[in-house]
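See below for the structure under consideration.
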Amino acid sequence: MKFPNFGGSINLGQVVLAAANTATDGSGTIGVILTGAGKFTNLATFSLGTNSKILCTVPNWDMISSEIVGYVKNGDIVTITTTAGIPTGLAITTDYIISGLSVSANSATFFLVNNALAPATIAYTDAGTAPHVLRFPGGTRVDEINFINSQLTAAASGANVGKLFMKPRNSSTWFPIREVALPTLTRSTTVIGNRQTITFTGGLFVPEGAQLGATIAVWASAVDTTTVYAVQASNF
């Protein structure tokens, strides 16, 4: 999939941290900054395809797969999010694999394959109640993370460490990404509070459904309250 350097919609995520987490291995409480964006259509339909397999049709395909939003291809994951009326044998929030993708006149057709060690296309039973909502792979590009002391009063914040983590989609495990030192600093009417930045040259890609989170190692009192912002971010 191709991800443009710029473009897409701005996606500013933030979390306020007011508790200490000294762990560096992804354990303990981690504040979620943002979740990687997906791409959706509410116009999908199902029908009988060749060899009695279930065939999915999606119009307006350039809204899902293009130079601007990134390309969807065979082998990518698609999920049905319609809450009712889906064909018998399919299930919501279950990952399926795209197979036999074909595009004509901006309308795409493809078979659904179960996401297993021995993938197999799914037999057609009924079309369900159209149209259906599908979620396709996407993601969010983050260029910069800011740790900003956000105490309400003018006082000295303690020396600290800001930590950044990522949790893959459908996982409960956080993995460390970066750390940044937050030195002690006394905010006043003439001195701004502590602000430290993690910059990702070329961008950090947060896949669809994955989460970006943060912690601080020290929180002795409200003066250590820290807000973490994701800036210059775009969805694909």
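The values are calculated or read from the model by the stated rules, or taken from the named source; none is laboratory data. In this text the structure is predicted, and so the values were computed from the model without any measurement. Quick reminder, even Gly has a Cβ in these numbers, built from the backbone with ideal geometry, and neighbours come from all protein chains shown.
Inside segment 63-75, residues that are surrounded by fewer than 17 Cβ atoms within 10 Å (Cβ to Cβ) and assigned to a loop (DSSP other than H, G, I, E, B) make up a count of 6. The sole residue among Thr82, Thr94 that is hydroxyl-bearing (Ser, Thr, Tyr), closer than 22 Å to Ala37 by Cβ, buried (at least 17 other Cβ atoms within 10 Å of the Cβ) and under 22 Å from the mean Cα position of the chain (by Cα) is Thr82. Could you please let me know if Gly128 is in contact with a strand residue (DSSP E or B) (Cβ under 8 Å, 6 or more places away or on another chain), closer than 12 Å to Asp76 by Cα and not β-branched (Val, Ile, Thr)? For Gly128, the condition - in contact with a strand residue (DSSP E or B) (Cβ under 8 Å, 6 or more places away or on another chain), closer than 12 Å to Asp76 by Cα and not β-branched (Val, Ile, Thr) - is not met.
Scanning segment 178-227 for residues that are of a type outside the set (S, T, N, Q), farther than 16 Å from Ile30 by Cβ and in contact with a Phe, Trp or Tyr (Cβ under 9 Å, 6 or more places away or on another chain) yields a total of 5.
In the set Val180, Val218, Val191, only one residue is more than 12 Å from Ile148 (Cα to Cα) and either free of Cβ contacts under 8 Å to residues at least 40 places away in the same chain or assigned to a strand (DSSP E or B) (or both); that residue is Val191.
Residue-by-condition table, conditions (1) farther than 24 Å from Leu12 by Cβ; (2) modelled with pLDDT of 95 or more; (3) not assigned by TED's automatic domain parsing to the domain that holds Val69; (4) not polar (S, T, N, Q):
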| site | (1), (2), (3), (4) |
| --- | --- |
| Asp143 | no, no, yes, yes |
| Leu152 | no, no, yes, yes |
| Gly158 | yes, no, yes, yes |
| Asn170 | yes, no, yes, no |
| Glu179 | no, yes, yes, yes |
| Thr184 | yes, no, yes, no |
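Considering (1) on the phi > 0 side of the Ramachandran plot; (2) modelled with pLDDT under 90; (3) within 24 Å of the chain's Cα centre (by Cα), the lone condition that Gly28 does not fulfil carries the number (2).
When we screen Pro137, Pro131, Pro119 for residues that are crowded, with 17+ Cβ neighbours inside 10 Å and out of contact with any Ser or Thr (no Cβ under 7 Å at 6 or more places or on another chain), the only hit is Pro137. The residue pairs whose first member lies in segment 107-123 and is in the same structural domain as Ser65 (by TED's automatic domain parsing) and part of a loop (DSSP other than H, G, I, E, B), whose second member is charged (D, E, K, R) and surrounded by 13 or more Cβ atoms within 10 Å (Cβ to Cβ), and whose beta carbons are closer than 7 Å, counting only pairs six or more residues apart or on different chains, are Asn115/Asp95; Ile122/Lys53.
Within segment 219-236, restricting attention to residues that are farther than 26 Å from Ser172 by Cβ and not small (Gly, Ala, Ser), which residue is surrounded by the most Cβ atoms within 10 Å (Cβ to Cβ)?
Asp224
Restricting segment 97-106 to residues that are part of a strand (DSSP E or B) and touching a residue at least 24 places away in the same chain (Cβ under 8 Å) leaves a set whose member that is surrounded by the most Cβ atoms within 10 Å (Cβ to Cβ) is Ile98. Filter segment 17-27 for residues that are in contact with a Phe, Trp or Tyr (Cβ under 9 Å, 6 or more places away or on another chain) and farther than 17 Å from Tyr229 by Cβ and give the result. Selection gives Ala19, Ala20, Asn21, Asp25, Gly26, Ser27.
Applying the criterion of being out of contact with any Phe, Trp or Tyr (no Cβ under 8 Å at 6 or more places or on another chain) and of a type in the set (Asp, Glu) to the residues of segment 56-90, the residue that is nearest to Ala108 (Cα to Cα) is Asp62. Checked against (1) under 17 Å from Thr35 (Cβ atoms); (2) modelled with pLDDT of 95 or more; (3) surrounded by 19 or more Cβ atoms within 10 Å (Cβ to Cβ); (4) not hydroxyl-bearing (Ser, Thr, Tyr), Val206 passes all but condition (2).
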